[in-house]
Amino acid sequence: MLQSKLPDVGTTIFTRMSALAAEQQALNLSQGFPDFPAPLALRTALAHHALEGHNQYAPMAGLPALREAIAGQLARHRGVRCDPDTEVTVVPGATEAIYCAITACVRPGDEVILLDPCYDSYRPAVTLAGGVPVHVPLHTPAFAPDWERIEQAISARTRLLVINSPHNPTGAVMSREDLLQLESLVTRHGLFVVSDEVYEYLVYDGRQHHSALQFEALRSRCFAVFSFGKTFGVTGWKTGYCVAPPALTAELRKVHQFVCFVAVTPVQQALADFMTREPDYPLGLAASYQHKRDLFCAALADSRFTFQPSAGSYFQLLDYSAVSASADTLLCEQWTREPGVASIPVSVFYQQPPPQRLLRFCFAKQDEQLLRAAERLCKI
Ligand code: PMP
Ligand code: GLN
């Protein structure tokens with residue numbers, strides 16, 4: 001028998017809940033993806049490039065035109081300068097970049113600090129590299145990092161810290177002060193950082209996204225990871241990128257070239273075209289997703305759920321303490337069947353789930369779907 005290297009891992013909660021939602025014909029607010037189409041010009045560009053015959057391998061680090069468009073976007077929207085040749089790598093999804101960055105950094109026995117609740121791919125990547133995940137909970141109710149507690153968790157073996165802002169599943173957004181604290185901490189302890197910024201453009205109520213790339217000392221030790229799936233509403237295209245200093249990028253690419261080698265060519269060409277033609281498209285996302293968040297939250301005003309409107313990402317947490325004392329994993333399944341709304345239990349993102357009773361709902365859905373879902377949730 002093959003002895004599992006990931007004995008505690010099953011099929012992801014996203015896959016399971018989307019399957020149950022389909023089986024039950026429930027409204028699927030579980031897995032995070034938009035149920036509305038991506039920009040027509042982007043889809044047309046993909047068809048064009050596939051038809052034109054751009055269907056062979058791209059360069060390992062990504063198409064130069066796309067890497068230049070990425071560098072242009074970072075300069076324009078974040079005031080960050082980077083070299084597209086030595087610091088930008090196009091990858092088949094942020095998940096792959098996270099895996100490659102962790103694999104490039106972590107040696108057997110190295111400790112990696114993960115902040116719970118944390119995205120499901122981090123821990124298995126650490127384990128497969130022979131590393132030891134050290135989970136530190138975010139501070140509730142705002143899900144802010146507790147920097148003192150994080151510092152206490154650092155040992156001589158600590159090598160890497162993974163952060164995620166805007167945050168999945170809680171919607172929390174790190175402040176500039178948080179990033180400064182992080183910068184000081186990793187500099188003092190000589191740690192590397194993976195900064196998962198896939199929801200960078202989805203921040204609400206006038207908040208700003210602070211990229212790790214905007215802090216010089218932090219940037220010098222950081223792999224910053226982004227996803228076109230989120231920014232352009234094409235999660236199924238599985239394309240993203242990693243920005244890191246040349247020495248870190250060189251190590252990331254050594255792994256990337258043997259995990260996937262390259263990202264899909266016509267997809268990269270379509271993205272390069274679209275980003276060049278509509279460089280400010282991402283700046284419109286916050287307003288349109290904030291509208292969806294507000295619509296969903298307003299329609300839940302008379303429900304028995306309690307909540308703080310999400311600060312970022314396309315996820316809204318609902319607290320069901322006033323409704324039930326059951327486990328979130330059970331309720332998710334139960335409520336997918338009746339009244340027919342699928343969500344994600346937050347406890348699965350924890351190593352040691354706290355006593356909160358929280359479900360995550362994705363509001364990247366058509367307005368009418370959000371209203372139908374809220375109407376059903378109000379009946380619970
Ligand atoms: N990180 C976070 C926090 C995510 O929510 C996702 C979403 N799916 C990813 C990484 C992975 O993105 P991708 O689909 O580009 O691999
Ligand atoms: N990141 C998405 C979510 O949080 C799902 C991606 C996946 O299914 N792996 O819902």
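The values are calculated or read from the model by the stated rules, or taken from the named source; none is laboratory data. Every value quoted in this text rests on a predicted model; they were computed, and no experiment measured them. In this analysis, Cβ positions are derived from the backbone assuming ideal geometry, glycine residues included, and neighbour counts consider all displayed protein chains.
Can you list residue pairs whose Cβ atoms sit under 6 Å apart, with the first residue in region 345-358 being touching a residue at least 60 places away in the same chain (Cβ under 8 Å) and the second being polar (S, T, N, Q)? Count only pairs 6 or more apart in sequence or on different chains.
PRO345/THR329
Here is a list: LYS230, LYS254. Which entry is crowded, with 24+ Cβ neighbours inside 10 Å and either assigned to a helix (DSSP H, G or I) or not hydrophobic (A, V, I, L, M, F, W, C) (or both)? Steps first, please.
Details: LYS254 fails: crowded, with 24+ Cβ neighbours inside 10 Å.
Step by step, each of LYS230, LYS254 is checked, and only LYS230 is crowded, with 24+ Cβ neighbours inside 10 Å and either assigned to a helix (DSSP H, G or I) or not hydrophobic (A, V, I, L, M, F, W, C) (or both).
What single numbered condition from (1) touching a Ser or Thr at 6+ places or on another chain (Cβ under 8 Å); (2) over 14 Å from VAL264 (Cα atoms) fails to hold for GLN56?
(2)
Please list, ordered by first then second residue, the pairs with beta carbon atoms under 8 Å, 6 or more apart or interchain, first in region 1-27 and under 22 Å from ASN168 (Cα atoms) and within 16 Å of ligand 1 (Cβ to nearest atom), second of a type in the set (A, V, I, L, M) and not in a helix (DSSP H, G or I).
Hits for this filter: ILE13/ILE344; PHE14/ILE344; MET17/ALA342; MET17/ILE344; SER18/ALA342.
Limited to region 271-321, what total is found for residues that are farther than 27 Å from ALA69 by Cβ, of a type in the set (Phe, Trp, Tyr) and either modelled with pLDDT under 95 or out of contact with any helix residue (DSSP H, G or I) (no Cβ under 8 Å at 6 or more places or on another chain) (or both)?
1
Six or more apart or on different chains, Cβ under 6 Å: which pairs go from a residue in region 193-214 that's under 11 Å from VAL173 (Cβ atoms) and of a type in the set (Ser, Thr, Tyr) to one that's in a loop (DSSP other than H, G, I, E, B) and within 16 Å of ligand 2 (Cβ to nearest atom)? Could you list them?
Pairs found: TYR199/PRO166; TYR199/SER313.
May I ask you to list the residues in region 163-192 that are within 12 Å of ligand 1 (Cβ to nearest atom) and without any contact (Cβ under 8 Å) to a residue 60 or more places away in the chain?
Those that are within 12 Å of ligand 1 (Cβ to nearest atom) and without any contact (Cβ under 8 Å) to a residue 60 or more places away in the chain: ILE163, ASN164.
Looking for whichever is buried (at least 19 other Cβ atoms within 10 Å of the Cβ) and on the phi < 0 side of the Ramachandran plot here; the options are TYR281, TYR241. Which one fits?
Details: TYR281 fails: buried (at least 19 other Cβ atoms within 10 Å of the Cβ).
Result of the check over TYR281, TYR241: TYR241.
The rows are residues; the columns are (1) within 12 Å of ligand 1 (Cβ to nearest atom); (2) at positive phi; (3) crowded, with 20+ Cβ neighbours inside 10 Å; (4) not polar (S, T, N, Q).
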position: ARG81; (1), (2), (3), (4): no, no, no, yes
position: THR86; (1), (2), (3), (4): no, no, no, no
position: VAL90; (1), (2), (3), (4): yes, no, yes, yes
position: TYR99; (1), (2), (3), (4): yes, no, yes, yes
position: THR103; (1), (2), (3), (4): no, no, yes, no
position: ARG107; (1), (2), (3), (4): no, no, no, yes
position: ASP110; (1), (2), (3), (4): no, no, no, yes
position: ILE113; (1), (2), (3), (4): no, no, yes, yes
position: ASP120; (1), (2), (3), (4): yes, no, no, yes
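Search region 140-170 for residues being among the basic types (Lys, Arg) and loosely packed, with under 15 Cβ neighbours inside 10 Å, and hand back the single one that is farthest from the chain's Cα centre (by Cα).
So in region 140-170, the residues among the basic types (Lys, Arg) come out as 149, 157, 159.
Those left that are additionally loosely packed, with under 15 Cβ neighbours inside 10 Å: 149, 157.
Values: ARG149: 23, ARG157: 27 Å.
Selected residue: ARG157.
Regarding region 93-103, can at least one residue be identified that is over 30 Å from ASP280 (Cα atoms) and in contact (Cβ under 8 Å) with a residue 40 or more places away in the chain? Give the derivation first.
Filtering region 93-103 down to residues over 30 Å from ASP280 (Cα atoms) leaves 102-103.
Now narrow it down to the ones that are in contact (Cβ under 8 Å) with a residue 40 or more places away in the chain: 102-103.
Scanning region 93-103 turns up at least one residue that is over 30 Å from ASP280 (Cα atoms) and in contact (Cβ under 8 Å) with a residue 40 or more places away in the chain.
For region 4-40, what are the residues that are under 15 Å from PRO345 (Cα atoms), assigned to a loop (DSSP other than H, G, I, E, B) and polar (S, T, N, Q)?
Within region 4-40, THR11, THR12, SER30, GLN31 qualify.
For ALA75, work out the one condition from (1) farther than 19 Å from GLY233 by Cβ; (2) out of contact with any Cys (no Cβ under 9 Å at 6 or more places or on another chain) it doesn't fulfil.
If we test ALA75 against (1) farther than 19 Å from GLY233 by Cβ; (2) out of contact with any Cys (no Cβ under 9 Å at 6 or more places or on another chain), just (2) comes out false.
I'm trying to understand the selection: among the residues of region 323-344, which are touching a Ser or Thr at 6+ places or on another chain (Cβ under 8 Å) and in a loop (DSSP other than H, G, I, E, B)?
The initial filter retains those residues of region 323-344 that are touching a Ser or Thr at 6+ places or on another chain (Cβ under 8 Å), namely 327-329, 331-332, 334-336, 342-344.
Selection gives ALA327, SER343.
I'm trying to understand the selection: among the residues of region 184-204, which are within 17 Å of the chain's Cα centre (by Cα), closer than 26 Å to VAL112 by Cα and not in a loop (DSSP other than H, G, I, E, B)? Spell out how you get there, then give the answer.
Filtering region 184-204 down to residues within 17 Å of the chain's Cα centre (by Cα) leaves 193-204.
Narrowing the set further to residues that are closer than 26 Å to VAL112 by Cα leaves 193-200.
Within region 184-204, VAL193, VAL194, SER195, ASP196 meet the criteria.
Looking at ARG207, is it part of a loop (DSSP other than H, G, I, E, B), surrounded by fewer than 24 Cβ atoms within 10 Å (Cβ to Cβ) and either among the acidic types (Asp, Glu) or away from ligand 1 (no atom under 16 Å from the Cβ) (or both)? Explain how you work it out, then say what you get.
Details: part of a loop (DSSP other than H, G, I, E, B): yes; surrounded by fewer than 24 Cβ atoms within 10 Å (Cβ to Cβ): yes; either among the acidic types (Asp, Glu) or away from ligand 1 (no atom under 16 Å from the Cβ) (or both): yes.
In short, yes.
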